[in-house]
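Just below is one structure, and these are the notes that go with it.
Values in this text are rule-based calculations from the coordinates and carry no lab data. Just so it is clear, the model here is predicted, and its values are computed rather than measured. Cβ atoms come from the backbone with ideal geometry, glycine included; neighbour counts cover every protein chain shown.
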Amino acid sequence: MAIQRGLRLLFRLALTVLLAGLLGASLVRYAPGFGVDEQELDSRLSSASVQALRDAHADERNILSFYFHYLVRLAQGDLGRSRSLGQPVRELFRERFPYTLRSVGFGLLGGWIFGFGLALPGALRRNWAYDVISTLLSGLFLCMPAAVVALLFLYFGGAPAWAISLVTFPRIFRFSRNLILETYSQPHIVSAKARGLGWARILFWHVLKPAAPQLCALAGVSVSLAVGASIPIEVVCDSPGLGQLAWQAALGRDLPLLVNITLLIAVVTLFANSISEFFGRTLSPRSA
């Protein structure tokens, strides 16, 4: 049974990734201006040169045929070649992925430290002033688009990871705060306090342990939030990561590059959600 569930899970994940890549390719293919090259506006080009530029995108006009041949090359380890940058996609990923991985990793770490660290004191010791200030602070950054947060850090010379932290922390703060407050209101917490148990034992054994599955789910969602926020943040901060690469590919209507970026983001997001779901089920009280 466990093997069958694992196979079904892998099948669903693979199907989701393939559909995400096809959807991303379709959005680019049917976007306004696809197949139009700015070089065609050069009056010095002959009609044969203009036709050659148009023929360069001929294999991309049939999106199903393009995606099928792309998957065949992908199975052979060939990610294709970027049309706008003139480099193999594999080399572009090798150069830029570490920057995005570092920014997203440190951004998530900072977001959790700031968000969970802000939620925990408010749940342990209820204080109306602290609740108002923390709620207003999280609401302020919750309403601000990621690009605006990136502009602030660009002005003050901050790293993109800090901007990612401030984009993710309001969601982490609000969800974890509500979860901890709800857990603290349970009858068994009142009984534990009445028996004289210390706050540390109550927190770690009776609050955080039952809330672990929900916190794991939040961790998976926060990865998706951080990856999504990294694209506009890296563009605004001019960070040489995948976000800036995605922006350049979108401007150049670079279908091979955009399909690879879409698949990579889908794989990272699904992997993070699957890992968080696995740990959530492992830590669930029902599985104990």
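If you take the square roots of the eigenvalues of the alpha-carbon gyration tensor of segment 132-288 and sort them as a ≥ b ≥ c, do you get rounded (a/c under 1.5), prolate (a/b over b/c) or oblate?
Oblate is the answer for segment 132-288, as a/c is 1.5 or above yet b/c matches or exceeds a/b.
What does the charge count around W112 come to, taking other residues whose C-beta lies under 15 Å from its C-beta (Lys +1, Arg +1, Asp -1, Glu -1)?
Combined, the nearby Lys, Arg, Asp and Glu give +3.
Can you give the convex hull volume of the alpha carbon atoms of the chain per residue, in Å³?
161
Placing +1 on the Cβ of each Lys and Arg and -1 on the Cβ of each Asp and Glu in the chain, which of S185, Y30, F68 has its Cα farthest towards the positive end of the resulting dipole?
Of the options given, the answer is S185.
Take peptides 73-85, 207-219 and line them up by average Cβ neighbours within 10 Å, highest first, as a rough protection proxy.
Numbers: 73-85: 14.5, 207-219: 18.3.
Result, highest mean first: 207-219, 73-85.
Sorted by mean Cβ packing within 10 Å, highest first, what order do the peptides 249-255, 138-144 take? Please report the intermediate quantities before stating the final value.
On the way: 249-255: 19.9, 138-144: 15.0.
The most tightly packed comes first, giving 249-255, 138-144.
Using a simple spin-label model with points 7 Å from Cα along the Cα→Cβ vector, what separation in nm is obtained for E182 and R94?
4.7
Would you be so kind as to identify which of P213, A163, L142 lies farthest towards the positive end of the dipole of the chain, taking Lys and Arg as +1 and Asp and Glu as -1 on Cβ and the Cα centre as origin?
Of the listed residues, the answer is P213.
Starting from 0.36 nm per residue, how many nanometres of slack lie between T16 and A217 once their C-alpha separation is accounted for?
So the chain would gain 70.5 nm between T16 and A217.
Any idea what angle helix 63-75 forms with the longest principal axis of the chain, computed on alpha-carbon atoms, 0 to 90 degrees, nearest 10?
70
Which order, highest average first, do 153-166, 223-236, 94-107 follow once you tally other Cβ atoms within 10 Å for each residue and take the mean per peptide?
Result, highest mean first: 223-236, 153-166, 94-107.
Using the Karplus curve 6.51 cos²θ - 1.76 cosθ + 1.60 with θ = phi - 60°, work out ³J(HN,Hα) for each residue of segment 95-107 in order, rounded to whole Hz, and write x for Gly and Pro.
7, 9, 4, x, 5, 5, 4, 5, 5, 5, x, 5, x
Taking amide H atoms as placed 1.01 Å from N in the peptide plane, list the residues 5 or more away in sequence, or in a different chain, whose amide H sits under 5 Å from that of R81.
Distant-sequence amide H within range of R81: V89.
Averaging over all projection directions, find the projected area of the Cα convex hull of segment 106-218 and quote it in nm² with one decimal place.
7.6
Taking the Cα centre of the chain as the origin, how large is its charge dipole in debye, to the nearest 20, when only Lys and Arg (+1) and Asp and Glu (-1) carry charge on their Cβ atoms?
So the dipole magnitude of the chain works out to roughly 1520 debye.
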